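Asker: Before anything else, here's the structure in question.
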Amino acid sequence: NILLTNYNTYSLNVYEPSTGLTASALTTMLPQVKFDTVYPVITRTPADTVVSINYVLTDNPNEENYYVINYILKQSSTGANLDISSYFGNGTNKILSSFELLNDASFTNNVLRHESILDKVMPTDSIAVEVANISRGYYEFLTAAKRTGGLLTQLTSEPIHFPSNVQNGYGFFNAYYPDAEIFSLSEY
């Protein structure tokens, strides 16, 4: 229930009393961005059904911008409603591994029109699609995470350096306010 304000700096301070270890990080809250349009498309053929998400996003040309697009799946067999306010680590909702990272170079004349085909999504599922304006550091962290791929890639490739803004720790502390749209695909 923390009220986040655009361009304010927020700090994270952690103290582990049994070891005396501390970690800290700072992040700046960037303004929310919104999809111009976002909608699902379900293509049914005798051989297959393909679920895709189409979206249009406009970039602010006056700033260097970085974005993440997440797809959060609520599987149809679980019975509970999709709740994007608590999808991290709760219930059966899951972020699909197909998140997308965008920067200013992704846009043509400050507009991006894109279609993403979603694997392992059924036309009976519910899905949330979110876009967030993220910092360059978090963009670089997610880019490194995406390069790690699966377990086989991690075991056979060169080590990947993960950028971090955490002093005396690992990971990345970031704050963003996503624009999220929820779709019950059975309605399409």
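The values are calculated or read from the model by the stated rules, or taken from the named source; none is laboratory data. Everything numeric here is computed off the predicted structure, so don't read it as measured data. So basically every Cβ, Gly included, is an ideal-geometry build from the backbone, and we count neighbours across all protein chains shown. Keep in mind that these areas ignore ligands, DNA and RNA; they rest on the heavy atoms of the full protein, side chains included. Shrake-Rupley method; radii C 1.70, N 1.55, O 1.52, S 1.80 Å.
Asker: Quick check on my filter: what residues within segment 22-54 are outside any strand (DSSP E or B) and within 21 Å of GLN167 (Cα to Cα)? Working first, answer last.
Answerer: Step one: list which residues in segment 22-54 are outside any strand (DSSP E or B), which gives 29-36, 45-48.
If the condition is that a residue be outside any strand (DSSP E or B) and within 21 Å of GLN167 (Cα to Cα), then MET29 is the only one that fits.
Asker: Looking at segment 117-136, which of its residues are surrounded by fewer than 17 Cβ atoms within 10 Å (Cβ to Cβ) and under 17 Å from the mean Cα position of the chain (by Cα)?
Answerer: Result: ILE117, ASP119, ARG136.
Asker: Another question about this same structure. Go through (1) at pLDDT 95 or above; (2) open to solvent by less than 20 Å² (accessible area, probe 1.4 Å); (3) part of a helix (DSSP H, G or I) and name the single condition TYR139 misses.
Answerer: (2)
Asker: With the structure loaded, tell me whether GLU64 is acidic (Asp, Glu) and within 19 Å of ASN174 (Cα to Cα) or whether it fails that test.
Answerer: Working: acidic (Asp, Glu): yes; within 19 Å of ASN174 (Cα to Cα): yes.
Taking the combined requirement at face value, the residue satisfies it.
Asker: For residues that are more than 15 Å from the chain's Cα centre (by Cα) and either within 19 Å of SER106 (Cα to Cα) or open to solvent by 60 Å² or more (accessible area, probe 1.4 Å) (or both), tally how many sit in segment 66-76.
Answerer: Filtering segment 66-76 down to residues more than 15 Å from the chain's Cα centre (by Cα) leaves 74-76.
With the extra rule that they be either within 19 Å of SER106 (Cα to Cα) or open to solvent by 60 Å² or more (accessible area, probe 1.4 Å) (or both), the set shrinks to 75-76.
Number satisfying all stated conditions: 2.
Asker: Now, a different point. I'd like to know if segment 94-114 contains one or more residues that are within 20 Å of ILE182 (Cβ to Cβ), open to solvent by 30 Å² or more (accessible area, probe 1.4 Å), of a type outside the set (D, E, K, R) and at pLDDT 90 or above.
Answerer: Scanning segment 94-114, I find at least one residue that is within 20 Å of ILE182 (Cβ to Cβ), open to solvent by 30 Å² or more (accessible area, probe 1.4 Å), of a type outside the set (D, E, K, R) and at pLDDT 90 or above, so the answer is yes.
Asker: I'd like the residue in segment 144-183 that is exposed (fewer than 15 other Cβ atoms within 10 Å of the Cβ) and of a type in the set (Val, Ile, Thr) and, out of all such residues, is modelled with the lowest pLDDT.
Answerer: The qualifying residue modelled with the lowest pLDDT is THR153.
Asker: Name the residues in segment 55-65 that are crowded, with 17+ Cβ neighbours inside 10 Å and outside any loop (DSSP other than H, G, I, E, B), would you? Before the answer, list the steps.
Answerer: The first filter runs over segment 55-65 and keeps only residues crowded, with 17+ Cβ neighbours inside 10 Å, leaving 55, 57, 59, 65.
Passing the criteria: TYR55, LEU57.
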